[in-house]
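Comments concern the structure below.
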Amino acid sequence: LAMNKLEKKKILNFLTKNPEEFSFARIKQIDILKKIKALRYMEDKEIAHAIIDFYFEENISSLESQKLKIKKIKSTTAKIKHLLQYQLELDFEKKDFLKKVFLFLSSEKKFPQIVDYFFRTSSQMWVLAGDTATDINYYSKRLILSSVYSKVFIKLMSFPNYQKIMIEKDIDASLSNVRKFNDIKSKICSADILSVFKKFQSSSESTGRGF
């Protein structure tokens, strides 16, 4: 047996609204999960990964809601900025939940999954912005945008006094270093993203925060 989409949405809704009331490592202790028959024979970690995977898919799909707004924006860079700001503001609203998500994935050594999430989210942003590249630029654009997205993401997750109004300024600062996306020739490796998350994991462990 497996959870259906409705059950996943119900669980996810509870987790995002009550991040202080659960631990991914002991997720079966949540009352609403005890009522779902499909979960009786699943391990805590198995359930946690299923919910996190579902969240990532839903999160990436939600970018589609910006299609009409993107069509009204002429500049490619402005389109990317709009999508980054939309996504990061959503991330900020779910800050406490996402801290638990990424700390759990880090504790499970699921670094490829972390990189994959940022790459796929960045790829969807490029698709919505009208990118049609098929050569090496396809990957370079996505890796660079992944780096921009992940670094601002980590900053808003890591700093206790970070405010929502700071997101646009940080995006502008990051994009100013990239210049025109259509002229990208730089080589940025996904290892950059991993290094950021490993630092995040270390700082979180030193402060004794759980997940």
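The values are calculated or read from the model by the stated rules, or taken from the named source; none is laboratory data. What you are looking at is a predicted structure, and each value in this text was computed from that prediction instead of being measured. A quick note on method: Cβ atoms are made from the backbone with ideal geometry, for glycine too, and the neighbour counts reach across all protein chains shown. Side chains are part of the model used for accessible areas, which takes the heavy atoms of the whole protein and leaves out ligands, DNA and RNA. Shrake-Rupley method; radii C 1.70, N 1.55, O 1.52, S 1.80 Å.
Details
- Residue count for the range 123-160 under the criterion of being over 12 Å from Ile80 (Cα atoms), out of contact with any Ser or Thr (no Cβ under 9 Å at 6 or more places or on another chain), part of a helix (DSSP H, G or I) and open to solvent by 40 Å² or more (accessible area, probe 1.4 Å): the result is 3.
- Flag if Phe181 is at pLDDT below 95, under 21 Å from Phe92 (Cβ atoms), buried (at least 18 other Cβ atoms within 10 Å of the Cβ) and out of contact with any Cys (no Cβ under 7 Å at 6 or more places or on another chain): no
- Only one of the numbered conditions (1) touching a helix residue (DSSP H, G or I) at 6+ places or on another chain (Cβ under 8 Å); (2) farther than 22 Å from Gln66 by Cβ; (3) modelled with pLDDT under 95 is not met by Lys151, and that is (2).
- Looking only at the range 161-178, and only at residues there that are open to solvent by 80 Å² or more (accessible area, probe 1.4 Å) and more than 17 Å from Leu83 (Cα to Cα), the one that is modelled with the lowest pLDDT: Asn177
- Cβ separations smaller than 6 Å between residues 6+ apart or across chains give the following pairs from the range 86-113 residues that are farther than 22 Å from Leu128 by Cβ to residues that are open to solvent by 30 Å² or more (accessible area, probe 1.4 Å) and not in a helix (DSSP H, G or I): Lys100/Phe211; Leu103/Phe211; Phe104/Phe211.
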